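Student: Here it is: the structure, laid out below.
The values are calculated or read from the model by the stated rules, or taken from the named source; none is laboratory data. Predicted, not measured: the structure shown is a model, and the values here were computed from it. Cβ coordinates were reconstructed from backbone atoms using ideal geometry, including for glycine residues, and neighbour counts include every protein chain displayed. All accessible areas refer to the heavy atoms of the entire protein, side chains included, with ligands and DNA or RNA removed. Shrake-Rupley method; radii C 1.70, N 1.55, O 1.52, S 1.80 Å.
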There are 2 protein chains.
Amino acid sequence: MVRQPSINAQNRTPLSTERIIEAALHIVDGQGLGRLTMRRLGDALEVEAMAIYHHLPRGKEQLLDGLVAHVAAAPADASAPGRWQDVLRAWADGYRGRLLAHAGVLPLVVTRRNPAALAATLASLREVLRRGGVAEDAAAVAAHTLLGYVIGHAALEVRGTADDGAAARIASGEDGAVDWDARFRAGLGVVLGGVR
Amino acid sequence: MVRQPSINAQNRTPLSTERIIEAALHIVDGQGLGRLTMRRLGDALEVEAMAIYHHLPRGKEQLLDGLVAHVAAAPADASAPGRWQDVLRAWADGYRGRLLAHAGVLPLVVTRRNPAALAATLASLREVLRRGGVAEDAAAVAAHTLLGYVIGHAALEVRGTADDGAAARIASGEDGAVDWDARFRAGLGVVLGGVR
DNA sequence: ACCTGAACACCGTTCAAGT
DNA sequence: ACCTGAACACCGTTCAAGT
């Protein structure tokens with residue numbers, strides 16, 4: 001006779017790295033990076049904070065690395081059909097949306113050492129350009145420029161949404177709110193238009 | 001008879017917001033953002049941590065805002081002679097150097113609300129373009145694109161210096177170390193070349 | 001006005017112990 | 001193997017008190 005495991009003792013879904021990262025991302029998205037603590041994360045998972053260390057031995061460091069990987073590793077589809085300009089435009093739209101949706105992890109993406117995440121994304125951009133017939137050197141430069149622009153623009157947007165009003169008008173002489181979508185597309189045009 | 005103030009009691013230079021910010025920046029540059037604590041900052045200033053609150057009533061929040069202002073507010077010289085391309089290239093070089101020299105505050109520049117600092121910088125870029133004969137709309141787009149690129153590229157550089165070696169080669173197929181200076185200049189050419 | 005000392009409510013992390 | 005409980009060395013910040 002086989003025992004039903006769900007009946008006894010602690011019948012809750014066990015912890016896993018994936019569940020931990022997801023719960024952490026949920027906290028960051030909802031309450032901000034500053035409120036992500038091991039204790040609060042434990043609460044959200046209905047577990048003592050110390051249980052997390054069993055799955056992430058490097059502790060909070062490893063947790064933050066996981067968040068970066070989850071958000072920043074989003075390569076372009078090099079096998080997509082169409083002009084490389086359109087493929088990159090579509091990727092950039094998606095990547096920007098990703099960064100804005102998880103704005104709280106942006107400071108981590110910016111400085112945290114996590115080679116694999118961004119390197120893979122960068123390689124996919126080069127591949128799109130290479131397949132599109134752009135020379136190797138120019139492709140490397142363009143991939144770098146594009147990723148830099150998307151990340152930098154997302155950073156400006158995250159900061160900017162707060163000072164659309166009076167502050168921006170006073171300090172910059174700009175008239176009213178910024179249409180960020182249009183701004184981003186226009187800047188994207190500048191970057192892609194500069195690739196030869 | 002006038003008393004000599006320097007003789008008595010606590011004859012040390014009194015605290016000031018400027019001294020506090022400078023000491024904080026020194027800690028961040030030397031030991032990283034994570035090691036900037038009010039207590040350590042107090043030690044560096046030879047004062048109890050609580051004394052800082054007398055000069056920065058909003059506490060650490062205000063301290064971090066001050067760091068961002070100190071690093072990110074570096075406008076271009078709109079009255080400089082020469083082609084606008086050269087003026088912006090010179091500004092970009094300087095701004096990049098600034099961000100890299102204080103890489104520890106980069107995550108703060110990226111997300112911390114501090115309208116004045118970036119808005120003033122942005123306005124100066126627009127002014128350079130406007131004086132150079134670029135149309136208002138195109139100037140606004142280009143200023144935004146340029147600042148976004150410089151910040152984003154600096155972020156990639158800060159992260160990248162760690163994975164120049166094997167990690168980058170494996171993940172990206174790139175051959176060896178990246179010449180960041182050349183990369184930056186080339187990307188700058190792409191961005192400026194795209195402005196019409 | 002400017003700084004100190006003690007205290008409070010938190011942190012991340014370790015370590016031995018439970019099941 | 002997986003989780004808990006108590007403990008340690010830190011945090012930022014408040015508040016009353018000193019000069």
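Student: Would you check which residues across region A:54-88 are within 16 Å of DNA strand C (Cβ to nearest atom) and either surrounded by fewer than 13 Cβ atoms within 10 Å (Cβ to Cβ) or more than 14 Å from chain B (Cβ to nearest Cβ) (or both) and list them?
Tutor: A:His54, A:His55, A:Leu56, A:Pro57, A:Arg58, A:Gly59, A:Glu61, A:Gln62, A:Leu63, A:Gly66, listed by residue number.
Student: Another one. Out of curiosity, is A:Ile20 touching a His at 6+ places or on another chain (Cβ under 9 Å) and more than 10 Å from DNA strand C (Cβ to nearest atom)? Write out each step before concluding.
Tutor: Working: touching a His at 6+ places or on another chain (Cβ under 9 Å): yes; more than 10 Å from DNA strand C (Cβ to nearest atom): yes.
Yes.
Student: Kindly indicate whether B:Leu122 is surrounded by 22 or more Cβ atoms within 10 Å (Cβ to Cβ) and at the interface with chain A (Cβ under 7 Å from one of its Cβ atoms). I'd like the intermediate steps shown before the answer.
Tutor: Values: surrounded by 22 or more Cβ atoms within 10 Å (Cβ to Cβ): yes; at the interface with chain A (Cβ under 7 Å from one of its Cβ atoms): yes.
Yes; evaluated as a whole, the condition is true for this residue.
Student: Pairs needed: first member in region B:46-70, aromatic (Phe, Trp, Tyr); second member anywhere, assigned to a helix (DSSP H, G or I); C-beta distance under 9 Å; at least 6 residues apart or different chains.
Tutor: Sorted first by the residue in region B:46-70, then by its partner, the pairs are B:Tyr53/B:Met38.
Student: Here's a check for you: in region B:144-193, which residue that is β-branched (Val, Ile, Thr) and modelled with pLDDT of 95 or more is farthest from A:Val191 (Cα to Cα)? Spell out the reasoning first.
Tutor: Within region B:144-193, the first condition is being β-branched (Val, Ile, Thr), and the residues that meet it are B:145, B:150-151, B:158, B:161, B:170, B:178, B:190-191.
Keeping just the survivors that are modelled with pLDDT of 95 or more gives B:145, B:150-151, B:190-191.
Values: B:Thr145: 8, B:Val150: 13, B:Ile151: 15, B:Val190: 6, B:Val191: 5 Å.
Looking at residues that are β-branched (Val, Ile, Thr) and modelled with pLDDT of 95 or more, I get B:Ile151.
Student: Assuming B:Arg3 fulfils every condition listed in (1) more than 16 Å from DNA strand D (Cβ to nearest atom); (2) modelled with pLDDT under 95; (3) open to solvent by 20 Å² or more (accessible area, probe 1.4 Å) apart from one, which condition is it?
Tutor: If we test B:Arg3 against (1) more than 16 Å from DNA strand D (Cβ to nearest atom); (2) modelled with pLDDT under 95; (3) open to solvent by 20 Å² or more (accessible area, probe 1.4 Å), just (1) comes out false.
Student: Just to verify a result, which residue in region B:23-40, among those that are open to solvent by less than 20 Å² (accessible area, probe 1.4 Å) and closer than 19 Å to A:Leu108 by Cβ, is farthest from DNA strand D (Cβ to nearest atom)?
Tutor: Top of the filtered list is B:Val28.
Student: So is B:Leu33 touching a residue at least 60 places away in the same chain (Cβ under 8 Å) and more than 10 Å from DNA strand C (Cβ to nearest atom) or not?
Tutor: On the way: touching a residue at least 60 places away in the same chain (Cβ under 8 Å): yes; more than 10 Å from DNA strand C (Cβ to nearest atom): yes.
Against the criterion (touching a residue at least 60 places away in the same chain (Cβ under 8 Å) and more than 10 Å from DNA strand C (Cβ to nearest atom)), B:Leu33 qualifies.
Student: Kindly list the number of the only condition in (1) out of contact with any Gly (no Cβ under 8 Å at 6 or more places or on another chain); (2) within 13 Å of another protein chain (Cβ to nearest Cβ) that fails for A:Arg98.
Tutor: Tallying (1) out of contact with any Gly (no Cβ under 8 Å at 6 or more places or on another chain); (2) within 13 Å of another protein chain (Cβ to nearest Cβ), A:Arg98 fails exactly one: (2).
Student: If you don't mind, there's one more thing I want to ask. So which pairs qualify, if the first residue must be in region A:175-196 and at the interface with chain B (Cβ under 7 Å from one of its Cβ atoms), the second must be open to solvent by 60 Å² or more (accessible area, probe 1.4 Å) and modelled with pLDDT under 95, the Cβ gap must be under 8 Å, and the two must be at least 6 apart or on different chains?
Tutor: Final answer for the pair search is A:Gly193/B:Arg196.
Student: So, in region B:13-22, of the ones that are away from DNA strand D (no atom under 13 Å from the Cβ) and of a type outside the set (A, V, I, L, M, F, W, C), which residue ends up farthest from B:Val105 (Cα to Cα)?
Tutor: Looking at residues that are away from DNA strand D (no atom under 13 Å from the Cβ) and of a type outside the set (A, V, I, L, M, F, W, C), I get B:Thr13.
Student: Here are the criteria: (1) charged (D, E, K, R); (2) within 16 Å of DNA strand D (Cβ to nearest atom); (3) open to solvent by less than 60 Å² (accessible area, probe 1.4 Å). Tell me which single one B:Arg96 does not satisfy.
Tutor: Of everything listed in (1) charged (D, E, K, R); (2) within 16 Å of DNA strand D (Cβ to nearest atom); (3) open to solvent by less than 60 Å² (accessible area, probe 1.4 Å), B:Arg96 misses just condition (2).
Student: Quick check: is even one residue across region A:41-53 closer than 19 Å to A:Val110 by Cα and either open to solvent by 30 Å² or more (accessible area, probe 1.4 Å) or within 16 Å of DNA strand C (Cβ to nearest atom) (or both)? Can you show your working first?
Tutor: Just the residues of region A:41-53 that are closer than 19 Å to A:Val110 by Cα, to begin with: none.
Within region A:41-53, not a single residue is closer than 19 Å to A:Val110 by Cα and either open to solvent by 30 Å² or more (accessible area, probe 1.4 Å) or within 16 Å of DNA strand C (Cβ to nearest atom) (or both).
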